[in-house]
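Enquirer: I have a structure here, written as structure tokens, and I will follow up with some questions on it.
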Amino acid sequence: MIADTIGLHQIINIDQFSSYQKLLRVSAYVLRFIQNCRKDKHSGMLTVSDIQNMSIMLIRNSQHRNYAEIMKDLKEKQTKNSLVKQLKLYLDHENIIRCGGGRINNANTLESAKFPVLLPSKDKLTDLIIKDAHTRNFHCGLESTVTVLRQHYWIPTIRRNSSYVTEKLNSYGTTWRFIPKRAPWFGGWWERLIGLTKNCIKKVLGRALVDNETLNTIITEVESILNDRPLTYVSSDPTDDEPLTPSHLLYGRRIRTLPYNGLEDCSLQPGTKDTTHESVTRQSKFLSLILKNFIKRWKQEYLTSLR
């Protein structure tokens, strides 16, 4: 392979890339061009196999550059390096250094989590992979990013290496406020929601043993019930509007009721399924009316009750 003989880093300068996905695609197209110059030509869009092969090549190249001595010891079946002993490193069938299992071998989890790929802590490729994981998981916190990464990779001193995540959160103005352990009353409203969720699940399940699919269904039902809880006064007059709920913020209506109840006579209802300029305009006006009505009720009924 080109990555093993010449060195992929001599063909593509990884330092010029700020996105791991872009690096994968550009590198895959470059590799295709080189292969087309040597043998049968391939064209069209990149396949999943092309992207996966390029990911393997990039990782293998990074390990060759950073763990040359370790790879030599593993090929000679020696354990001189302390990292080899500590992480029980081995070479898989693609010559990728992976961490051997320990107690996690007996866990019911992905093979990639049991035997993660070893990545160097100080390498541009590792930085791009960390950034990609952080972005794909909607800029979650440091611990969540580490958890996602460890499903596939093992990066020594990863928390000290995740300066990008911390810097990105700081740029968004994100600050962390921690509460004492085993003191949920310090949490406020979010701990209250956790308590409500636990109580609902406990009342439904009790001591029953259920499978994963049943548990997911119950949790989804509990979620819909909690999101349908009223935030404003519940009137006893049937002609009054239904109270605002968190579901109105998420979906524009309550989940457990028919959609847009009481709007049958609205002259701006959506038309037929035929997509025409008139029907699209009517649909847009109809949605705008719903949104304006919700904002008006939110300001008049909910915000004023917070005084």
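The values are calculated or read from the model by the stated rules, or taken from the named source; none is laboratory data. No experiment lies behind these values; they were computed from the predicted model shown. Methodologically, a virtual Cβ is constructed for each residue, glycine included, from the backbone with ideal geometry; neighbour enumeration extends over all protein chains shown.
Enquirer: Tell me which of these Y251 doesn't satisfy, since it passes every other one: (1) hydroxyl-bearing (S, T, Y); (2) outside the structural domain of R297 (by TED's automatic domain parsing); (3) at pLDDT 75 or above.
Expert: (2)
Enquirer: With respect to the numbered conditions (1) assigned to a loop (DSSP other than H, G, I, E, B); (2) modelled with pLDDT of 85 or more, which one is the sole condition not fulfilled by L226?
Expert: For L226, the exception is condition (1).
Enquirer: Here's another thing I want to ask about it. Counting only residues that are of a type in the set (S, T, N, Q) and modelled with pLDDT of 75 or more, which one in the stretch 139-172 is farthest from G100 (Cα to Cα)?
Expert: Going through the qualifying residues, I end up with S171.
Enquirer: What number of residues within the stretch 176-199 are in contact with a Leu (Cβ under 9 Å, 6 or more places away or on another chain) and at pLDDT below 85?
Expert: Going through the stretch 176-199 one residue at a time, the tally reaches 1.
Enquirer: Restricting to the stretch 96-152, and then to whatever is part of a loop (DSSP other than H, G, I, E, B) and among the hydrophobic types (A, V, I, L, M, F, W, C), can you tell me which residue is farthest from L83 (Cα to Cα)?
Expert: Selected residue: F138.
Enquirer: Determine the pairs where a residue that is touching a residue at least 12 places away in the same chain (Cβ under 8 Å), located within the stretch 181-199, has a partner that is among the basic types (K, R) and surrounded by 11 or more Cβ atoms within 10 Å (Cβ to Cβ) with Cβ atoms under 9 Å apart, the partner being 6 or more residues away or on another chain.
Expert: What qualifies is L196/R229.
Enquirer: Check G262 against each of (1) at pLDDT below 75; (2) on the phi < 0 side of the Ramachandran plot; (3) assigned to a loop (DSSP other than H, G, I, E, B); (4) not aliphatic (A, V, I, L, M) and name the one condition it does not meet.
Expert: It is condition (2) that G262 fails.
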